[in-house]
Amino acid sequence: RLGGGGFPAVDVAAPLADGDVLPVGGGLRVVHTPGHSPGHVSLLHEPTRVLITGDALFNVVGIRWPIKLLCTDFRMTQETAHVLAELEYDVAAFTHGPELTDDARERIRAFLRRR
């Protein structure tokens, strides 16, 4: 909740669990990366080796953490992002910033090692 606003609660049709494969676009693997929000997930499209980081990481003027103020638990964001280094992908897509197509996994791993 930021600035006194908020969003009304919504019913969850089906909870997502780490490792689930969603039947979308040939399958999106759910990767649990809480911190930005309690149920935050990243998504991995294994057929094309594309990782969608969601808000686990930004790529605005380089790879960086999301804004602390917008995270429910910034420390958890930093602790859970390490799983992105363990996945197999060639392209990383971000909700904030351009995708990485060259050495995406190694560039994310290098960022996470600096933490």
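The values are calculated or read from the model by the stated rules, or taken from the named source; none is laboratory data. Every value quoted in this text rests on a predicted model; they were computed, and no experiment measured them. A quick note on method: Cβ atoms are made from the backbone with ideal geometry, for glycine too, and the neighbour counts reach across all protein chains shown. Side chains included, ligands, DNA and RNA excluded: accessible areas come from the protein's heavy atoms. Shrake-Rupley method; radii C 1.70, N 1.55, O 1.52, S 1.80 Å.
When both bridge partners sit in the chain, DSSP labels roughly 80% of those beta bridges antiparallel. Between the beta carbons of R114 and D73, assuming R0 = 22 Å, the FRET efficiency works out to 0.60 to the nearest 0.05. With contacts taken as Cα pairs under 8 Å and at least 6 residues apart, the chain reaches a relative contact order of 21 percent. Averaged per residue, what accessible surface does the chain expose to a 1.4 Å probe, in Å²? That works out to 62 Å² per residue. Taking GluC sites (Glu not before Pro) as exposed when DSSP calls them loop (any state but H, G, I, E, B) and at most 14 other Cβ atoms lie within 10 Å, what is the longest stretch of the chain free of them, the sites themselves excluded? Between exposed loop sites, the widest span is 1-87. Would you please state which residues of the range 95-115 a label at R64 would reach in this model, taking the label point 7 Å out along Cα→Cβ and a backbone N cut-off of under 12 Å? Backbone N within reach: 97. Distance between the C-alpha centres of the range 26-80 and the range 98-115: 13 Å, rounded to the whole angstrom. Atom-type composition of the exposed protein surface of the range 29-115 places 53 percent of the accessible area on carbon and sulfur (1.4 angstrom probe).
Between R49 and V83, the simple spin-label model (points 7 angstrom out along Cα→Cβ) gives 2.2 nm.
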